[in-house]
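S.K.: Here it is, the structure in full.
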Ligand code: COS
């Protein structure tokens, strides 16, 4: 793993703790009293109701990680992960709709945006405009730098013309703006410097989206293709105003996105376990609640232990980010552990529910389906294992090489 290098210039104190704790408490109540009772509606109608979206906007959730000097709440990474974690106790669609705003898009602006880009886009995020992140394509997923979407200089001015298509883009059907990664060089360059990032309003001429893909779980959250057909953007759409930086910006955003997925998976595992604990106390077999049986208790205890471990990792990795440490490998490790752990927990929860675990009428089967994507998006477990090992070997080389 990386040596912890602190950079005082990058430390982030975040919102003052007392105000944050009050907010977190209020959010927890909102999740239990408002979002969880609305889940059946989200599932049946495959959408987050407008009144809930408006409430989330009013609570400032869409701009919660925007720095204070731009009018946001200025949460640090630990607080940001807590917000994601609290919200993700409810159906995943509630996190999905604002997760790119506060995660990957805000992070790209913070790491790569020019002052003018921040001045323009931060207020729009706060207002509740919806962002999406266009990296993956029909022909490139884990090998993201192999993208085929191109951006070439516009002969009629200082802008760019984008062509290509993006796939599996969360929120694309609802998005107001996309961060589109495109090739500005035909040939692959070292460190993937052929990739640049562009901020593209979704109402730009030449952009269209496919119909939302049908998927295994996460009802109410939508993904679709984005097609770019001679899309003209001005020169100042280029993130950071410099070509060749897009892959780095995308990877930095993904580090942040991986923390978000880890926080979400940890919360959803907790939700599933709470549900199993209740069920095990209510359901009787052989004349007593199944919670009395030791083999059921073993499944409950293993789940509790693993969730606790993920919660500790979440706290540790996010505090390291806020201290300015390099956390590429640790963010990957947290995401791998939390998502794989969530998969094991929801599997045990179906087992504890028994026959009822297989029925749509109960919650366990949807927990099982919803959780499956956590091991895939924002970097599969296998790609992240390679990242973790790459950083371990680098450290070893530094010491022993
Ligand atoms: N922060 C800053 N810079 C980074 C970075 C990060 N997190 N990750 C990579 N870079 C830059 C660095 O300059 C790096 O070179 P060094 O490591 O030598 O400094 C360079 O990019 C190349 O990085 P890397 O060697 O990791 O790139 P590879 O082409 O070997 O591997 C993988 C890239 C496979 C790791 C990458 O494509 C990836 O993460 N794929 C998964 C994509 C994904 O998560 N998709 C999910 C859907 S998007 S929502």
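The values are calculated or read from the model by the stated rules, or taken from the named source; none is laboratory data. This is a predicted model, so every value here is computed, not measured. Positions of Cβ are generated from backbone atoms using ideal geometry, with glycine treated the same way; all protein chains shown enter the neighbour counts.
S.K.: Can you give me the number of residues within segment 31-41 that are surrounded by 17 or more Cβ atoms within 10 Å (Cβ to Cβ) and over 21 Å from the mean Cα position of the chain (by Cα)? Let's see the steps before the verdict.
M.R.: Restricting attention to segment 31-41, the residues satisfying the condition of being surrounded by 17 or more Cβ atoms within 10 Å (Cβ to Cβ) are 31, 35, 38-39.
Add one more test, that the residue is over 21 Å from the mean Cα position of the chain (by Cα), and what stays is 38.
Qualifying residue count, segment 31-41: 1.
S.K.: Please work out if residue 221 is outside any helix (DSSP H, G or I), within 16 Å of the ligand (Cβ to nearest atom) and touching a residue at least 24 places away in the same chain (Cβ under 8 Å). Show your work before the answer.
M.R.: Details: outside any helix (DSSP H, G or I): yes; within 16 Å of the ligand (Cβ to nearest atom): yes; touching a residue at least 24 places away in the same chain (Cβ under 8 Å): yes.
Criteria met by residue 221.
S.K.: A further question on this structure: Does at least one position in segment 224-241 carry a residue that is assigned to a loop (DSSP other than H, G, I, E, B) and surrounded by fewer than 22 Cβ atoms within 10 Å (Cβ to Cβ)? Working first, answer last.
M.R.: Going through segment 224-241, the residues assigned to a loop (DSSP other than H, G, I, E, B) turn out to be 234.
This time we only want the ones that are surrounded by fewer than 22 Cβ atoms within 10 Å (Cβ to Cβ), so: 234.
Yes, segment 224-241 has at least one match.
S.K.: Separate question: When residue 191 is evaluated against the numbered criteria (1) away from the ligand (no atom under 14 Å from the Cβ); (2) surrounded by fewer than 21 Cβ atoms within 10 Å (Cβ to Cβ); (3) under 25 Å from residue 142 (Cβ atoms); (4) in contact (Cβ under 8 Å) with a residue 40 or more places away in the chain, which criterion, by number, is the only one it fails?
M.R.: Condition not satisfied by residue 191: (1).
S.K.: Quick test for you: out of 155, 123, pick the one residue that is surrounded by fewer than 18 Cβ atoms within 10 Å (Cβ to Cβ) and either within 13 Å of the ligand (Cβ to nearest atom) or not in a helix (DSSP H, G or I) (or both).
M.R.: Numbers: 123 fails: either within 13 Å of the ligand (Cβ to nearest atom) or not in a helix (DSSP H, G or I) (or both).
None of the others qualify; the one that does is 155.
S.K.: Determine, yes or no, whether residue 344 is away from the ligand (no atom under 16 Å from the Cβ), without any contact (Cβ under 8 Å) to a residue 60 or more places away in the chain, surrounded by fewer than 17 Cβ atoms within 10 Å (Cβ to Cβ) and under 19 Å from residue 269 (Cβ atoms). Walk me through it before giving the result.
M.R.: Details: away from the ligand (no atom under 16 Å from the Cβ): yes; without any contact (Cβ under 8 Å) to a residue 60 or more places away in the chain: yes; surrounded by fewer than 17 Cβ atoms within 10 Å (Cβ to Cβ): yes; under 19 Å from residue 269 (Cβ atoms): yes.
Taking the combined requirement at face value, the residue satisfies it.
S.K.: Return only the number of the condition from (1) in a helix (DSSP H, G or I); (2) away from the ligand (no atom under 13 Å from the Cβ); (3) in contact with a helix residue (DSSP H, G or I) (Cβ under 8 Å, 6 or more places away or on another chain) that residue 324 does not satisfy.
M.R.: If we test residue 324 against (1) in a helix (DSSP H, G or I); (2) away from the ligand (no atom under 13 Å from the Cβ); (3) in contact with a helix residue (DSSP H, G or I) (Cβ under 8 Å, 6 or more places away or on another chain), just (1) comes out false.
S.K.: Looking at segment 85-96, which of its residues are assigned to a helix (DSSP H, G or I) and touching a helix residue (DSSP H, G or I) at 6+ places or on another chain (Cβ under 7 Å)? Let's see the steps before the verdict.
M.R.: At the first step, the residues of segment 85-96 found to be assigned to a helix (DSSP H, G or I) are 85-87, 93-96.
If the condition is that a residue be assigned to a helix (DSSP H, G or I) and touching a helix residue (DSSP H, G or I) at 6+ places or on another chain (Cβ under 7 Å), then 85, 86, 87, 93, 94, 95 are the ones that fit.
S.K.: Is it the case that residue 275 is within 15 Å of the ligand (Cβ to nearest atom) and part of a helix (DSSP H, G or I)? I'd like the intermediate steps shown before the answer.
M.R.: Values: within 15 Å of the ligand (Cβ to nearest atom): no; part of a helix (DSSP H, G or I): yes.
It is false that residue 275 is within 15 Å of the ligand (Cβ to nearest atom) and part of a helix (DSSP H, G or I).
S.K.: Look at segment 358-386 and say how many of its residues are more than 16 Å from the ligand (Cβ to nearest atom) and either within 18 Å of residue 39 (Cβ to Cβ) or not in a helix (DSSP H, G or I) (or both).
M.R.: Let us first name the residues in segment 358-386 that are more than 16 Å from the ligand (Cβ to nearest atom), namely 358-371.
Still in the list and also either within 18 Å of residue 39 (Cβ to Cβ) or not in a helix (DSSP H, G or I) (or both): 359-371.
Number of matching residues: 13.
S.K.: Next question. Looking only at segment 95-103, decide whether some residue is more than 30 Å from residue 211 (Cα to Cα) and in contact (Cβ under 8 Å) with a residue 12 or more places away in the chain.
M.R.: No: zero hits.
S.K.: Out of 265, 250, report the one residue that is closer than 18 Å to residue 107 by Cα, crowded, with 18+ Cβ neighbours inside 10 Å, within 16 Å of the ligand (Cβ to nearest atom) and at pLDDT 95 or above.
M.R.: Working: 265 fails: closer than 18 Å to residue 107 by Cα.
The match here is 250.
S.K.: I'd like to know if segment 198-206 contains one or more residues that are surrounded by fewer than 21 Cβ atoms within 10 Å (Cβ to Cβ), part of a strand (DSSP E or B), away from the ligand (no atom under 15 Å from the Cβ) and under 22 Å from the mean Cα position of the chain (by Cα).
M.R.: Yes, the conditions are met somewhere in segment 198-206.
S.K.: Here's something else I'd like to know. Report, by residue number, each residue of segment 97-106 that is in contact with a helix residue (DSSP H, G or I) (Cβ under 6 Å, 6 or more places away or on another chain) and within 11 Å of the ligand (Cβ to nearest atom).
M.R.: Answer for segment 97-106, where residues must be in contact with a helix residue (DSSP H, G or I) (Cβ under 6 Å, 6 or more places away or on another chain) and within 11 Å of the ligand (Cβ to nearest atom): 99, 103, 104.
S.K.: Can we say residue 244 is surrounded by 15 or more Cβ atoms within 10 Å (Cβ to Cβ), part of a loop (DSSP other than H, G, I, E, B) and in contact with a strand residue (DSSP E or B) (Cβ under 7 Å, 6 or more places away or on another chain)?
M.R.: Details: surrounded by 15 or more Cβ atoms within 10 Å (Cβ to Cβ): yes; part of a loop (DSSP other than H, G, I, E, B): yes; in contact with a strand residue (DSSP E or B) (Cβ under 7 Å, 6 or more places away or on another chain): yes.
So residue 244 fits the description; yes.
S.K.: A further question on this structure: Conditions: (1) within 16 Å of the ligand (Cβ to nearest atom); (2) surrounded by fewer than 17 Cβ atoms within 10 Å (Cβ to Cβ). Residue 338 meets all but one. Number of the miss?
M.R.: It fails just one condition, (2).
S.K.: Show the residue pairs that are 6+ apart or on different chains and have beta-carbon atoms under 9 Å apart, the first residue being within segment 126-155 and within 20 Å of residue 66 (Cα to Cα) and without any contact (Cβ under 8 Å) to a residue 40 or more places away in the chain, the second being assigned to a loop (DSSP other than H, G, I, E, B) and more than 9 Å from the ligand (Cβ to nearest atom).
M.R.: Pairs found: none.
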